[in-house]
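Report on one structure; see the data block that follows.
We did not get these values from a lab; they are worked out from the coordinates using the rules stated. Nothing here was measured: the structure is a model prediction, and the numbers come from that model. Quick reminder, even Gly has a Cβ in these numbers, built from the backbone with ideal geometry, and neighbours come from all protein chains shown.
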Amino acid sequence: MTREVEELVLEAGRTERHYWRDLWRYRELLYILAWRDIAVRYKQTAIGVAWALLQPLAQMVVMVVIFSKVANMPSDGGAPYALMVFAAMLPWQFFATSVSSASMSIAGNANLISKVYFPRLIVPAAAVVTSLVDFFIAFAILVALMLWYGYAPSWRMLTLPLFVLLALFAAFGPGLLITALNTEYRDFRYVIPFIVQFGLYVSPVGFSSEVIRERFGDALFLLYSINPMVGVIDGFRWAILGGEVPLHMPALALSFVLSAGFLALGVLYFRRLERSFADVV
Amino acid sequence: MADTVIRVEGLGKRYRLRHQRQDGYIALRDVLADKARALGRRLLGRGSAVPEDEEEFWALRDVSFELKRGEVLGIIGRNGAGKSTLLKILSRITEPTEGRVRIRGRVASLLEVGTGFHPELTGRENIFLNGAILGMTRVEIRRKFDEIAAFAEVDRFLDTPVKRYSSGMYVRLAFAVAAHLEPEILVVDEVLAVGDTEFQKKCLGKMKEVSSSEGRTVLFVSHNLAAVRNICRLCILLDKGRVVLLGPVDDAVAAYSKLTASSGRIRPVRADMPTITSVVVNEQLASAGQLSIGISFESPTVLHPLIVGVVVYSELGSAVFGFNTAQDAKSIQWSAKKGIATLRIADPPLLSGTYRIAAFLGDKMQNYDVIEDAAWLTFISPVTLPMGVDANYIGYTRVSGEWTIDIPAAEHR
């Protein structure tokens with residue numbers, strides 16, 4: 001056997017050393033766990049796909065009725081209101097499902113955690129990847145909606161992958177943080193639906209963020225952009241809808257910096273609690 | 001020296017037991033409340049004494065040993081002796097609290113058969129899933145796929161969801177995946193408790209082969225002493241987290257038998273009342289599907305007729321069955337002042353699980369001594385339940401029966 005034999009030392013507080021290398025070594029487990037979740041979901045129910053389609057669609061209809069018809073809010077640069085809402089619903093749904101499925105992932109895989117070693121970061125990461133698949137399914141609705149409205153995308157559509165990346169970034173940090181909290185404190189799960197619910201209304205999903213900027217001014221808008229999803233959603237709208245509304249760079253930069261900060265915090269906190277996961281699940 | 005693959009030095013693992021919280025989980029609500037209370041106390045200047053509701057418990061302490069390449073180490077001990085904790089540390093599932101382990105080579109652990117198997121997925125899909133969980137790459141799995149399927153003898157059912165597998169097939173498939181890992185070190189927990197005898201033999205053979213001809217190191221935990229004797233030369237006996245004996249397997253097994261013989265509780269003799277002095281459950285037999293319970297008693301007067309009995313309760317507290325000396329024609333007229341009454345049941349119709357034993361002592365008139373929790377019993381039935389079926393749901397007795405079906409002709413397709 002030519003495999004080089006290296007020495008592994010296990011002692012209290014020593015797991016750090018090989019962590020990132022192990023994470024790379026176990027990358028296939030990430031695909032496989034994500035694949036398992038997707039395969040199981042779509043095997044068990046035909047509703048699986050329908051659910052990924054129906055949920056954002058239904059929410060969009062409600063939002064359009066409330067914000068456009070009842071509250072008479074303006075759309076971004078003349079795009080159909082439904083389209084504007086849906087362009088925001090995509091990243092928001094992704095964020096919400098990522099956070100809530102990641103938060104349940106450790107408990108849901110307790111049998112693995114207590115019986116096999118692998119870098120635990122893989123479990124919530126797989127949950128986020130699974131949510132990404134739902135995102136792509138929902139993206140198909142967007143394409144259909146655009147066809148329906150006869151709304152042609154501009155060159156900016158090509159920048160969308162960058163914003164998808166940003167959304168992934170923005171979701172993973174808080175996702176990890178909440179996953180770790182939820183594993184450590186079993187009553188934290190009651191808080192999660194509240195966070196997701198609350199986030200939906202503080203983020204500019206049902207309305208344009210321009211409304212906020214016009215009413216409260218640039219300084220307050222920057223404060224509003226502390227919510228990383230503001231930058232992500234604006235980016236999505238900018239890329240998908242085209243139109244005259246410019247991309248608000250400071251807000252986008254803030255979103256990026258905060259997402260990175262959240263990610264660092266999430267990874268640190270997760271790593272700190274992770275060691276005891278096998279003892280608490 | 002170059003041959004040493006595992007060196008364990010002064011290993012210890014401490015758990016904190018939390019009282020007061022019955023479910024054992026930490027609730028954020030409690031943590032916040034405690035913090036607020038501590039803050040309030042500090043503000044009021046009453047010191048910062050936080051109520052101590054934690055108790056420390058060492059699951060493992062001062063464990064040291066060395067293993068060389070190609071050796072097979074058996075690990076035996078009673079329930080709660082620290083065997084599983086040791087394996088969990090070695091397989092990196094949990095961190096030690098003190099001490100150090102040096103390992104040279106890749107470790108694969110098989111602490112449970114079919115970890116991560118998903119009932120909805122097919123056999124083929126589960127081979128890939130389980131392989132990845134155990135640390136194999138897709139390329140590796142693909143290369144060994146045929147071998148795995150052949151070892152498991154499930155070739156024909158590879159595209160059937162495993163929820164339709166019999167428990168035997170399920171176990172075979174799961175073990176087959178693990179057996180085809182190529183780690184330098186293989187860590188195996190009580191996995192052979194399931195599966196039929198034929199397959200157990202095959203698994204033991206595979207483990208022997210892996211160590212002797214391929215030079216891999218194996219750590220093997222089992223209650224099945226015959227199996228341990230069969231494949232190990234070296235053995236560790238653990239008790240209450242400490243190493244009692246590390247040496248040739250025969251010595252360890254002998255010491256273990258002595259240890260288990262004295263399990264159960266010993267109580268002081270009372271001068272004025274008939275007393276049960278000890279209740280001993282043979283754990284070794286229990287893990288092989290048999291029951292043997294010895295009840296020692298002492299009485300100031302002759303008990304006539306002597307009535308000694310046990311009641312077996314489920315983990316959740318319902319009585320499963322009871323049996324006393326008045327129920328057996330041979331013992332119905334016994335009389336004695338002192339002795340050991342032993343109940344043997346060769347094939348109790350119980351499903352695998354944890355049971356509580358209550359014992360009582362009396363005569364025709366009354367019970368003199370009753371011990372509600374005389375002993376706990378981990379019973380392993382020779383018949384395994386299908387996946388997802390739990391004795392706590394379907395009841396505790398093992399029945400055998402036969403199903404038939406009549407399908408109306410119109411339904412035939």
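Things to note:
- Residue-averaged [θ]222 nm for chain B, counting only DSSP H segments that reach four residues, each worth -39500 (n - 2.57): -8000 deg cm²/dmol
- Taking chain B and dividing mean pair separation by its residue count, relative contact order in percent (alpha carbons under 8 Å, at least six apart): 14
- The stretch B:95-114 and the stretch A:167-185: distance between their alpha carbon centers, rounded to Å: 28
- Linear extension gain, B:Ala336 paired with B:Arg143, 0.36 nm per residue minus alpha-carbon span: 62.6 nm
- Packing rank of A:154-163, A:202-211, where each peptide gets the mean count of other beta carbons within 10 Å, highest leading: A:202-211, A:154-163
- Intensity falloff of the stretch A:93-194 expressed as log10 I(q)/I(0), Debye formula with alpha-carbon point scatterers, at q = 0.16, 0.17, 0.24 Å⁻¹: -0.74, -0.80, -1.24
- Fraction of the pair-distance distribution of the stretch A:177-252 above 17 Å, Cα-Cα pairs, percent: 53
- The listed peptides A:232-240, A:127-135, ordered by packing as a protection proxy, come out as A:232-240, A:127-135 (highest mean of other Cβ atoms within 10 Å first).
- For the protein assembly as shown, the gyration tensor built on C-alpha atoms gives a prolate shape. Its axis ratio a/c (a ≥ b ≥ c) is at least 1.5, and a/b is the larger of a/b and b/c.
- Residues whose amide H lies under 5 Å from that of B:Asp239, counting only those 5 or more places away or on a different chain, are B:Val244; hydrogens are built 1.01 Å from N in the peptide plane.
- Percentage relative contact order, chain A, counting C-alpha pairs under 8 Å, at least six apart: 27
- Convex hull volume per residue in cubic angstrom - Cα atoms of chain A: 163
- Remark: mean inter-chain Cβ contacts per residue of B:135-146 equal 2, using a 10 Å Cβ-Cβ cutoff to other protein chain atoms.
- Report summary: the helix-based calculation at 222 nm, which adds -39500 (n - 2.57) for every DSSP H run with n ≥ 4 and divides by the residues of chain A, gives -23500 deg cm²/dmol.
- Note on B:Phe321 and A:Leu54: the model spin-label points, each 7 Å out from Cα along the C-beta direction, lie 5.0 nm apart.
- Listed residue pairs exceeding 28 Å between alpha carbons, taken from B:Lys330/B:Lys364; B:Lys68/B:Lys202; B:Lys13/B:Lys202: B:Lys13/B:Lys202
- Between B:Glu153 and A:Ala152, the FRET efficiency from the beta-carbon distance, with R0 = 56 Å, is close to 0.40.
- Residues whose placed amide H lies under 5 Å from that of B:Val72, excluding near-sequence neighbours: B:Val218, B:Arg233, B:Leu234
- FRET efficiency, 1/(1 + (r/R0)^6) with R0 25 Å, evaluated for A:Ser276 and A:Tyr190 via beta carbons: 0.70
- Förster radius 45 Å - calculated FRET efficiency between B:Asp406 and B:Asp347 (Cβ-Cβ, nearest 0.05): 0.85
- Average beta-carbon neighbours from other chains, 10 Å sphere, peptide A:113-123: 5
- Distance between the modelled labels on A:Asn72 and B:Glu209, one decimal in nanometres: 8.2 nm (7 Å Cα→Cβ projection).
- Cα→Cβ-extended label distance, 7 Å offset, between B:Lys35 and A:Val9, nm: 3.5
- When each of the peptides A:214-223, B:215-224 is scored by how many other beta carbons lie within 10 Å of its residues on average, the order from highest to lowest is B:215-224, A:214-223.
- According to the Cα-based calculation, Rg over Rh for chain B is 1.03, with Rh computed by the Kirkwood formula.
- Peptide B:340-349 - average C-beta neighbours from other chains (10 Å radius): 0
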